[in-house]
Amino acid sequence: MIQIIGLIVVVGCVLGGFILQGGHPLVLWHPTEALIIVGAALGAFITSNPPKVCKAAFAGALNFMKRPRYQRDDYLALLKLLYGILVKIRKEGLMAIEVHLEAPDGGALFKNYPQIVADRHLMDFIRDCLRLIVGGSLDPQELESLLEQELETHQQQVQEPVYAMQKVADALPGFGIVAAVLGIVNTMAALQGADTDTATIGHKVGAALVGTFLGILVSYGFVGPIAAGMGHHANEETRAFEVVKMALVATVRGYVPSVAIEFSRKLVRRDVRPTFRDLESELKVKAKAAA
C-alpha cells in the first residue's frame with residue numbers, strides 16, 4: 001500500500017504543480033512520444049537480457065508492492081525448524097536425518113512448516129547443506145566458504161532482474177532525448193511550409209519537450225523506484241539463506257543447538273526478528289510436544 005501512495009504522490013505533485021502554474025493537463029498528452037520512449041526502452045530491455053531474466057523482472061515489477069516473503073512468523077518457523085533439525089542431529093546422529101533429505105516434501109522433519117516447504121529454493125538450500133554435513137567430513141572453514149560461494153551465486157541470480165530494471169531506468173532519459181530530437185526534426189520539416197503558423201510550430205515544439213519530460217519522469221519517478229523495491233525484496237529473500245548458513249556453520253563449530261539458533265536469530269532484521277523470549281517459549285512448547 002505504501003508503494004501505491006508513493007506513486008500517487010509522484011503523479012499528484014508533478015501534475016498538481018503544473019496545473020498550479022497555469023498549465024493544462026491535455027498539453028502533456030502526446031501518445032506518440034510515449035510510444036517512442038516506452039517502445040524503445042522495452043525493445044532494448046528484451047534485447048539485452050535473456051528470457052528468464054525478462055520474465056523474472058516483469059514478475060518482480062508486478063509483485064514489488066507486496067510485503068517481503070519472510071515476516072516475523074516465517075522467521076520464527078524457520079528458526080524452529082532449524083532447532084528441531086539440530087536437536088535431532090545432536091541426539092540421534094547425522095544419519096537420522098538422511099531419510100528426510102530424500103523425501104520430496106522433506107518428510108516428517110518439515111511437515112509442520114508448510115511456509116518453508118513452499119519456498120523451493122530455500123528447501124533445496126537446506127537439504128543440500130545438510131547433505132554436505134552428512135556425507136562429508138568438512139571442517140567449519142571449508143563448509144562456511146562453500147556456503148558463502150553458494151549464497152553469492154544465489155544473490156547474483158536474484159539481483160539480475162533488479163539490475164535489468166535499473167538499466168532501463170538509466171536509459172529512459174536518453175530515450176526521452178531521442179523522442180525530443182525526433183520532435184524537433186518534425187518541427188524543422190514543418191517550417192518548410194509557407195503556410196505553417198506559430199500555433200502549429202508551438203504544438204510540435206511542445207510535443208518534443210514532452211518527450212524529454214516523460215523520459216525523466218518515468219525513469220526517476222516510476223522505473224527507478226520499482227527497481228529499488230525489487231532490490232529490497234531480493235535482499236530479504238537472501239536473508240533467510242544466511243540464517244540457515246549461520247545455524248549450520250555454528251553447529252559444525254561445536255555449538256549447542258540453542259546457541260547456534262541464537263546466532264541465526266541475530267541476523268534477522270530488527271522489525272521482523274522474533275524476540276529471545278518468544279523464540280524460547282516456542283521452543284519449549286515444541287520440546288513438550290515432542291516429549
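The values are calculated or read from the model by the stated rules, or taken from the named source; none is laboratory data. Computed from a predicted model, the values in this text were never measured in an experiment. Note: ideal-geometry Cβ built from the backbone for every residue, glycine included; neighbour counts use all protein chains shown. We work out accessible area using only protein heavy atoms, side chains counted, and drop any ligands, DNA or RNA first. Shrake-Rupley method; radii C 1.70, N 1.55, O 1.52, S 1.80 Å.
At a glance:
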| item | result |
| --- | --- |
| Checking VAL244 against (1) in contact with a Leu (Cβ under 9 Å, 6 or more places away or on another chain); (2) modelled with pLDDT under 85; (3) closer than 30 Å to MET123 by Cβ, the condition it does not meet | (2) |
| Some residue of the range 16-27 being in contact with a helix residue (DSSP H, G or I) (Cβ under 8 Å, 6 or more places away or on another chain), within 21 Å of GLN159 (Cβ to Cβ) and surrounded by 12 or more Cβ atoms within 10 Å (Cβ to Cβ) | no |
| Flag for ILE85 being β-branched (Val, Ile, Thr) and either in contact with a Leu (Cβ under 6 Å, 6 or more places away or on another chain) or open to solvent by less than 50 Å² (accessible area, probe 1.4 Å) (or both) | yes |
| Tabulated pairs, the range 151-178, first over 19 Å from SER219 (Cα atoms) and surrounded by 18 or more Cβ atoms within 10 Å (Cβ to Cβ), second at pLDDT below 90 and of a type in the set (Val, Ile, Thr), C-beta under 6 angstrom, 6+ apart or interchain | none |
| Pairs with Cβ under 9 Å, 6+ apart, first in the range 228-248 and closer than 21 Å to ALA59 by Cα, second modelled with pLDDT of 90 or more and of a type in the set (Val, Ile, Thr) | ALA228/VAL162; MET230/VAL162; GLY231/VAL162; HIS233/VAL162; ALA234/VAL162 |
| Among the residues listed as THR251, THR200, the single one being within 19 Å of LEU130 (Cβ to Cβ), polar (S, T, N, Q) and out of contact with any Ser or Thr (no Cβ under 8 Å at 6 or more places or on another chain) | THR251 |
| Scope the range 203-218; condition open to solvent by less than 20 Å² (accessible area, probe 1.4 Å) and either among the hydrophobic types (A, V, I, L, M, F, W, C) or more than 16 Å from LEU15 (Cα to Cα) (or both); matching residues | ALA207, ALA208, VAL210 |
| Within the range 74-110, considering residues that are acidic (Asp, Glu) and free of Cβ contacts under 8 Å to residues at least 12 places away in the same chain, the one farthest from ALA234 (Cα to Cα) | GLU92 |
| Check on THR200, of a type in the set (S, T, N, Q), open to solvent by 30 Å² or more (accessible area, probe 1.4 Å) and under 30 Å from GLY12 (Cα atoms) | yes |
| Among residues of the range 28-57, those that are touching a helix residue (DSSP H, G or I) at 6+ places or on another chain (Cβ under 8 Å) and either modelled with pLDDT of 90 or more or under 14 Å from GLY174 (Cα atoms) (or both), counted | 16 |
| Candidate set from the range 88-121 (those that are open to solvent by less than 60 Å² (accessible area, probe 1.4 Å) and not in a helix (DSSP H, G or I)); member that is farthest from VAL259 (Cα to Cα) | ALA103 |
| Test: LEU191 is aliphatic (A, V, I, L, M) and open to solvent by 30 Å² or more (accessible area, probe 1.4 Å) | yes |
| Pick from the range 49-74, criterion among the basic types (Lys, Arg) and assigned to a loop (DSSP other than H, G, I, E, B), ranking: nearest to SER281 (Cα to Cα) | ARG69 |
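Results for (1) within 18 Å of the chain's Cα centre (by Cα); (2) on the phi > 0 side of the Ramachandran plot; (3) not small (Gly, Ala, Ser), shown as yes or no for each residue.
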{"residue": "THR212", "(1), (2), (3)": "no, no, yes"}
{"residue": "GLY221", "(1), (2), (3)": "no, no, no"}
{"residue": "ALA228", "(1), (2), (3)": "yes, no, no"}
{"residue": "HIS232", "(1), (2), (3)": "yes, no, yes"}
{"residue": "ARG239", "(1), (2), (3)": "yes, no, yes"}
